[in-house]
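The values are calculated or read from the model by the stated rules, or taken from the named source; none is laboratory data. Fair warning: this is a prediction, and the values are worked out from it, not measured in the lab. Methodologically, a virtual Cβ is constructed for each residue, glycine included, from the backbone with ideal geometry; neighbour enumeration extends over all protein chains shown. For accessibility, only protein heavy atoms count, side chains too; no ligands or nucleic acids. Shrake-Rupley method; radii C 1.70, N 1.55, O 1.52, S 1.80 Å.
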Amino acid sequence: YQILAALPDAAKGAQLAKLKPSSLAMLNKSTCLAIDNVDDVEGFKEVHAGIEMLGIAKSSQDELWNVLGGLLLLGNVEFDAGGDEKALVSPASADLLKAAEEKLGVSNLDVNLTSKGSGRKSLGALKLTKPASQMARDAAIKDIFVHTFDWVVNGINASIEGSSGSSKLPYIGLL
């Protein structure tokens, strides 16, 4: 929510800049899209100040916002069932998929979300059904988010640990 509210449109990119939390599948599954008396812009400024204080480089911050934005976009990619019931990225989602690929720094997501390796070269890739492609998309989002969260926590811990490497310093524990 804070990224959408406070990140400049140029940093969000054209596709993400025109979307609201209510139109993003990764956010609108909740019935709470806003909290009374909570300013997402101010919240983002506080998060950004905290990241700055930790000494995380601007390039790493930009990568973090790109990954999170790419995941939000990827969540909106829809699939159609082809004539053989195998999934295809919906033509209406083509621009979202391209923008997600750019934000995430990857390519060929259409292939990777609609097929999987068979394990045998002679069989090639097996095409997935629409529900299987939706699950593959959601699993990819979850996996990337978990790794991103781990990266943030490791950055916080490294900052707290400092150059001494002492484990007797305070730490942040998240449940």
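Before moving on, here are some points about what is shown:
- Comparing 57, 81, 28 along the charge dipole axis of segment 28-109, the residue lying farthest to the positive side is 57, per the Cβ-charge model.
- Counted by Cβ distance under 10 Å from residue 90, the other residues give a net charge of -1, where Lys and Arg count +1 and Asp and Glu count -1.
- Magnitude of the charge dipole, the chain, Cβ model with Lys/Arg +1 and Asp/Glu -1, debye to 20: 640 debye
- Rg/Rg_globular for segment 2-61, with Rg_globular taken as 2.2 N^0.38 Å and Rg from C-alpha atoms: 1.25
- Taken over the Cα atoms of the chain, the convex hull encloses 164 Å³ per residue.
- Here the label points at residue 28 and residue 107, each 7 Å from Cα along the C-beta direction, are separated by 3.2 nm in the simple model.
- Approximating the spin labels as points 7 Å out from Cα along Cα→Cβ, the residue 57-to-residue 134 distance works out to 4.1 nm.
- For the chain, accessible area per residue (1.4 Å probe, heavy atoms of protein chains only), Å²: 63 Å²
- For segment 1-27 and segment 39-64, distance of Cα centres in Å: 16 Å
- Pairwise label distance in nanometres, residue 151 with residue 84, each label 7 Å out on the Cα-Cβ vector: 3.6 nm
- Counting every pair of alpha carbons in segment 30-113, the share spaced more than 23 Å apart comes to 44 percent.
- Placing +1 on each Lys and Arg Cβ and -1 on each Asp and Glu Cβ, with no other charges, gives segment 41-113 a dipole about its Cα centre of roughly 200 debye.
- Normalised contact order of the chain, rounded percent, pairs of Cα under 8 Å and 6 or more residues apart: 18 percent
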